[in-house]
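This report concerns only the one structure given below.
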């Protein structure tokens, strides 16, 4: 699904930027090449960032260090 129709940025594009280390909306916009436009993407972008952070936190909680 498109997050930003002005610059044809998809949810997968945003998730890829987050996986590569982008942490903020500003960093994701820069990495995806999104410039100021109509602003319709803002709410969805923040939602994806929040969702990604929650999933990463859940993943960290389930990974247990192994004894060496």
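Bear in mind that the values in this text are calculations on the coordinates, not laboratory data. The structure displayed is predicted, hence computed values, not measured ones. Cβ coordinates were reconstructed from backbone atoms using ideal geometry, including for glycine residues, and neighbour counts include every protein chain displayed.
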| query | Percent of alpha carbon pairs in segment 2-62 separated by more than 17 Å? | reply | 31
| query | By how many nm would the segment from residue 26 to residue 43 grow when fully extended, if each residue of separation counts as 0.36 nm and the alpha-carbon distance is taken off? | reply | 4.8 nm
| residue 11 to residue 51: extension gain in nm, 0.36 nm per residue of separation minus the Cα-Cα distance? | 13.2 nm
| said: To make sure I understand, if each residue's beta carbon is the centre and we count other beta carbons within 10 Å, what order do 34, 1 fall in, fewest to most? | reply: 1, 34
